[in-house]
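A.B. asks: Dropping a structure here in structure tokens format, bear with me for questions.
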Amino acid sequence: MSRSMDKIVALCKRRGFIFQNSEIYGGQNGFWDYGPLGTELKRNVRDVWYRDMVSAHNELLQPAGAPSTFQMVGLESSIIMHPQVWKCSGHYDLFHDMMVDCHACKGRFRQDHIPSIPCPQKPSKSVGEHTGCRLTEPREFNLMMKTIIGALGTDDDAAFLRPETAQGIFVNFKNVVDSSRVKLPFGICQVGKSFRNEITPRNFTFRSREFEQMEIEFFCHPSQSREWYTYWRDRRYNWYLNLGITKDRLILRDHHQDELAHYSVGTADIEYAFPFLDAGEYGELEGIAHRGDFDLRSHMEGKLTKNSAGQLELERTADGQPKHRGSGKDLTYFDDQTRERFTPHVIEPSAGADRGTLAFICEAYHEDQQPDENGSMQERVVMRFHPRLAPVKVAVFPLIKKDGMPEKAMEIYGQLKAAGLSVQYDQHAAIG
């Protein structure tokens with residue numbers, strides 16, 4: 001069976017899963033709209049994630065593989081945050097890609113993607129391979145989207161659309177601890193929009209400028225952080241398998257040392273064999289990162305950097321002042337049982353709702369042949385979603401026109417709708 005990405009993209013539009021944003025005006029690159037079926041599917045992905053991670057979690061029972069029992073709570077933070085958040089987190093200085101322009105075709109490309117991008121002048125070659133290419137030297141391009149707060153529009157009014165949901169959790173750590181009955185270890189979960197000004201968005205919804213994240217920041221004692229990292233890495237991998245992703249299309253890949261972010265103790269990616277990739281290649285679905293105490297310390301002290309000994313320390317200017325000053329608030333945790341005060345370590349499973357939805361669409365795509373009314377074999381496409389994710393749960397087809405049958409079908413339809421199920425009603429549809 002062919003899993004052509006072109007076929008999947010065409011089906012998404014034809015059946016109302018995903019549309020190009022502002023299509024009637026030629027489209028807006030890197031932005032996508034979800035149609036009726038896509039909206040139901042993506043909502044199910046979010047709801048199943050939140051239910052499995054938060055709503056259905058029993059903090060009184062110790063899950064298999066977990067070092068202990070733990071609590072899980074939810075949070076919804078604002079898309080626009082204080083600019084100092086992004087300076088202390090490192091995004092303001094470090095969140096960039098290297099960009100290259102071509103004076104010949106007027107194209108703009110991410111330097112690390114150039115070998116796989118077809119040249120606009122000659123698609124059979126990659127960017128830079130054509131003799132007519134006139135590429136500039138690489139230069140930094142900050143991925144955060146800038147916006148303005150207030151009416152004056154000066155530099156002092158500049159802010160950013162968040163590039164991730166995680167920082168909204170970190171700056172609310174103390175609020176959650178002080179306002180609820182959580183005790184370490186515990187996780188704070190958030191689903192929400194993020195924005196990254198990608199230089200070359202591509203591969204349908206895989207790399208977009210507006211996307212939705214499903215993130216967990218799991219806070220634990222430093223002595224148990226490696227055990228919790230292993231637990232969350234394995235649990236999140238199995239979550240995709242349990243929702244119908246076949247094992248031969250899913251891998252769990254640990255990052256090499258040179259791939260790790262400057263704050264990371266260890267990171268693993270859950271990757272899927274998307275149809276737009278070559279055989280044997282995988283694209284990231286979710287990252288599970290052991291972030292140590294980097295984030296809470298950053299928002300207490302200021303922007304951190306690694307010294308020559310590999311230790312995190314406050315980054316300072318030439319005159320010895322903090323480059324970006326932290327909040328000065330105490331974000332440590334006091335354990336009233338052991339009488340110990342410490343800065344928790346953080347394990348971060350960060351999943352993409354859009355990438356997850358795309359993976360489930362690709363996995364569900366199935367072609368087969370069935371006879372038509374004349375007995376001739378016809379090719380058809382069937383979407384085989386896991387029942388928990390399926391955008392339509394029940395179909396009501398009152399095909400028999402005897403007295404009372406349509407009315408009974410309408411009654412059943414109404415009861416199913418009242419139960420909150422996604423139901424399709426069609427008196428004229430054929431079954432088979």
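A.B. asks: Among the residues of the range 186-198, write down those that are in a loop (DSSP other than H, G, I, E, B) and open to solvent by less than 20 Å² (accessible area, probe 1.4 Å).
C.D. replies: Just the residues of the range 186-198 that are in a loop (DSSP other than H, G, I, E, B), to begin with: 196-198.
Scanning the range 186-198 gives a single hit, GLU198.
A.B. asks: Taking only pairs six or more apart or across chains, which ones have beta-carbon atoms under 7 Å, a first residue in the range 236-259 that is open to solvent by 70 Å² or more (accessible area, probe 1.4 Å), and a second residue that is in a helix (DSSP H, G or I)?
C.D. replies: LYS247/LEU241
Each row is one residue, and each column tells you yes or no for (1) charged (D, E, K, R); (2) open to solvent by 60 Å² or more (accessible area, probe 1.4 Å); (3) farther than 30 Å from LEU421 by Cβ; (4) part of a loop (DSSP other than H, G, I, E, B).
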| site | (1), (2), (3), (4) |
| --- | --- |
| LYS13 | yes, yes, no, no |
| ILE24 | no, yes, yes, no |
| THR39 | no, no, no, no |
| TRP49 | no, no, no, no |
| VAL54 | no, no, no, no |
| GLU59 | yes, yes, no, yes |
| GLY65 | no, yes, yes, yes |
| VAL85 | no, no, yes, no |
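A.B. asks: Small (Gly, Ala, Ser), within 30 Å of PHE173 (Cβ to Cβ) and in contact with a helix residue (DSSP H, G or I) (Cβ under 8 Å, 6 or more places away or on another chain) - does that describe any residue in the range 410-426? Talk me through it step by step, then tell me what you get.
C.D. replies: Looking only at the range 410-426, we keep the residues that are small (Gly, Ala, Ser), and these are 414, 418-420, 422.
Okay, now just the ones that are also within 30 Å of PHE173 (Cβ to Cβ), so none.
Taking every residue of the range 410-426 in turn, none turns out to be small (Gly, Ala, Ser), within 30 Å of PHE173 (Cβ to Cβ) and in contact with a helix residue (DSSP H, G or I) (Cβ under 8 Å, 6 or more places away or on another chain).
A.B. asks: ILE148 passes all but one of (1) farther than 24 Å from VAL191 by Cβ; (2) among the hydrophobic types (A, V, I, L, M, F, W, C); (3) crowded, with 16+ Cβ neighbours inside 10 Å; which number fails?
C.D. replies: Condition not satisfied by ILE148: (3).
A.B. asks: Output the qualifying pairs, or none if there are none: Cβ atoms under 6 angstrom, residues six or more apart or on different chains, first residue in the range 120-146 and over 16 Å from ARG110 (Cβ atoms), second residue charged (D, E, K, R) and part of a loop (DSSP other than H, G, I, E, B).
C.D. replies: HIS130/LYS122
A.B. asks: Could you say whether any residue in the range 332-345 is touching a Cys at 6+ places or on another chain (Cβ under 9 Å), open to solvent by less than 90 Å² (accessible area, probe 1.4 Å) and assigned by the TED database to the domain that holds GLU227?
C.D. replies: yes
A.B. asks: Show me the strands (runs of 3 or more DSSP E) entirely contained within the range 201-313 in which 2 or more residues are assigned by the TED database to the domain that holds PRO344 and of a type in the set (Gly, Ala, Ser). Reasoning before the result, please.
C.D. replies: Details: elements: 210-220, 250-254, 266-272, 283-292, 304-306.
It comes to 266-272, 283-292.
A.B. asks: Name the residues in the range 56-115 that are touching a residue at least 12 places away in the same chain (Cβ under 8 Å), out of contact with any Cys (no Cβ under 9 Å at 6 or more places or on another chain), β-branched (Val, Ile, Thr) and assigned by the TED database to the domain that holds ARG46, would you?
C.D. replies: Across the range 56-115, the qualifying residues are ILE79, ILE80, VAL85.
A.B. asks: Residues that are out of contact with any Leu (no Cβ under 6 Å at 6 or more places or on another chain) and at pLDDT 85 or above: which strands (runs of 3 or more DSSP E) entirely in the range 110-183 hold 1 or more of them?
C.D. replies: Numbers: elements: 139-142, 145-148, 158-161.
By residue number, 145-148, 158-161.
A.B. asks: So, of the residues in the range 26-37 that are in contact (Cβ under 8 Å) with a residue 24 or more places away in the chain and in a loop (DSSP other than H, G, I, E, B), which turns out to be surrounded by the most Cβ atoms within 10 Å (Cβ to Cβ)?
C.D. replies: The extreme case among them is GLY30.
A.B. asks: How many residues are at negative phi and in a loop (DSSP other than H, G, I, E, B) if we restrict to the range 314-328?
C.D. replies: The initial filter retains those residues of the range 314-328 that are at negative phi, namely 314-319, 321-327.
Then keep just the ones that are in a loop (DSSP other than H, G, I, E, B); that gives 315, 317-319, 321, 323-324, 326-327.
Counting residues in the range 314-328 that are at negative phi and in a loop (DSSP other than H, G, I, E, B) gives 9.
The values are calculated or read from the model by the stated rules, or taken from the named source; none is laboratory data. It should be emphasised that the depicted structure is a prediction, and the values quoted were computed from it without experimental measurement. FYI the Cβ positions are ideal-geometry reconstructions off the backbone, even for glycines, and counts take in every protein chain you see. Side chains are part of the model used for accessible areas, which takes the heavy atoms of the whole protein and leaves out ligands, DNA and RNA. Shrake-Rupley method; radii C 1.70, N 1.55, O 1.52, S 1.80 Å.
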